[in-house]
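Let me begin by presenting the structure, written as structure tokens, before commenting on it.
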Amino acid sequence: MAGRLTTLLKAFHERLFKYAWKFGIIGLIGFLIDFGIFNLLRSTLLDPARVPNGTIWANVVSTVVATLFTWFGNRYWAFREHRRKNFWLELTEFAITSAIGLGITTLCLFISHNVMGLTDTVSDNISKNVVGLILATLFRFLMYRFLVFSPARKDGHSRLQREAEARALDEAAVAAAIDPAAAAFLEETAGAVADVTPEAALQSSPGGAPDRLAAPRRDP
């Protein structure tokens, strides 16, 4: 029983928690950026008393700025090991996911402000920064973890690294049947592949496939 529980906790940590806490920190900073810009614009340039739908536009601007920050944070920290070689496809999927998240918070704000008639600042912040934030954050995390930065994506760093390791081990197995000395050398190379940096794994050759690591030279 204890062993099974340990296995489940380890799987939970590897699949969700080790990404969730980083995502949470980035999200908290993004929330502060969003919160600050939203209230600043709502009380100045986009005051709804002077600008039609000023509250909605303030929400859009603040969310876009916060989204740009969270993309950099998620790409280069939270999901660093799964970031994609195809930069533009990753950014497009991230932007679409974030846009849907924006739609969730905006819908909550619209219902509260325009449908229910709760137009005071406190109500706007509860609908946007409590109800909308919880729903949008849950949606974004699941999409980032299992779609945008999924380890199964063909151009993700973690998959490229696994494929490089597999190729190196296959070469070692073939060499073992031919030349034991060469097999020992290739096993050393396979170990070096496991330590490849994200930058090396994402680097592509002219044909589009990941470059292999250069094998270390051995003294004669």
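The table that follows gives values for the structure above.
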| read-out | value |
| --- | --- |
| Contour excess over end-to-end distance, with Cα ends at Arg50 and Val130 and 0.36 nm allotted per residue | 26.2 nm |
| Region 28-83, dipole about Cα centre (Lys/Arg Cβ +1, Asp/Glu Cβ -1), debye to the nearest 20 | 120 |
| Burial ranking of peptide ranges 127-135, 40-48 (average Cβ count within 10 Å, highest at the top) | 127-135, 40-48 |
| Estimated FRET transfer efficiency when R0 is 45 angstrom, pair Leu40-Lys154 (beta carbons, to 0.05) | 0.60 |
| Residues Arg84, Arg4, Arg153 arranged by fewest to most Cβ contacts within 10 Å | Arg4, Arg153, Arg84 |
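Bear in mind that the values in this text are calculations on the coordinates, not laboratory data. Keep in mind that what you see is a predicted model, and the values were worked out from it rather than measured. Don't worry about glycine lacking a Cβ; one is built from the backbone with ideal geometry, like all the others, and counts go over all protein chains shown.
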